[in-house]
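The values are calculated or read from the model by the stated rules, or taken from the named source; none is laboratory data. Because the structure is predicted, anything quoted here is derived from the model rather than measured. Note: ideal-geometry Cβ built from the backbone for every residue, glycine included; neighbour counts use all protein chains shown. To get the accessible areas, we keep the full protein, side chains included, count just its heavy atoms, and leave off ligands, DNA and RNA. Shrake-Rupley method; radii C 1.70, N 1.55, O 1.52, S 1.80 Å.
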Amino acid sequence: MGSRYYCADSENGEHIDDPSEDALFMLIDDLNDTDNTFVVVQPDEDAPAWFASVAVLDEGGYEIDLRDATRREHEVSTESDIGNIASDLIHWLAARNIPGRPTRQISSS
């Protein structure tokens, strides 16, 4: 069975369906500058409308690329703290439009 919402794939072939913040942390922590330089998170579909990638920088740290064509969003940043990256990714992913995912309801009580 494939992912319900999105999947994460690393350059070395590791694949995780609907990764948690902890799983993203581990994928990013496993990155290196020789044979596993990036992780991509995107919907498990042809021609996804959005994606997030994390890549190792030669000078240290990571480049985070967030793109969502449906919202005309594109943000590139750098960060060295893997915990911050994983947390920020989870928050960004939660804001994506994913068909079939329950919508959040906000109560005014």
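Only Cα pairs under 8 Å and at least 6 apart count here; give the relative contact order of the chain as a rounded whole percent.
20
Label points 7 Å out from Cα along the Cβ direction at ILE90 and SER77: separation in nm?
Distance between label points: 1.6 nm.
Quick check: from the Cα gyration tensor, does the chain come out rounded (a/c under 1.5), prolate or oblate?
Working: a/c = 1.76, a/b = 1.52, b/c = 1.16.
Note, shape of the chain comes out prolate.
Considering the chain as a Gaussian network with a 10 Å cut-off on Cα pairs, which listed residue, ASP46, ASP29, ASP68, attains the greatest mean-square fluctuation?
So, out of ASP46, ASP29, ASP68, the one fluctuating most is ASP46.
Taking Cα atoms, how many degrees apart are the long axis of helix 82-94 and the longest axis of the chain, rounded to 10 and kept between 0 and 90?
30
Per DSSP H run of at least 4 residues, take -39500 (n - 2.57); add these up for the chain, divide by its residues and hand me the 222 nm value, nearest 500 deg cm²/dmol.
Details: 2 runs with 22 residues, N = 109.
Computed mean residue ellipticity for the chain: -6000 deg cm²/dmol.
For the range 1-87, with all protein chains present and a 1.4 Å probe, just round the carbon and sulfur fraction of the accessible area to a whole percent. Provide the component values of the computation, followed by the final result.
On the way: 2140 of 5080 Å².
Solvent-exposed carbon and sulfur of the range 1-87 make up 42 percent of the total.
Per residue, how much accessible surface does the chain expose to a 1.4 Å probe? Answer in Å², no decimals.
Heavy-atom accessible area per residue stands at 64 Å².
Along the Cα-to-Cβ line of ASN12, 7 Å from the Cα, sits a label point; which residues in the range 18-35 have backbone N less than 16 Å from it?
Label zone hits: 23-35.
How much length, in nm to one decimal, is gained on full extension between ASN32 and ALA49, taken as 0.36 nm per residue of separation minus their Cα-Cα distance?
3.4 nm
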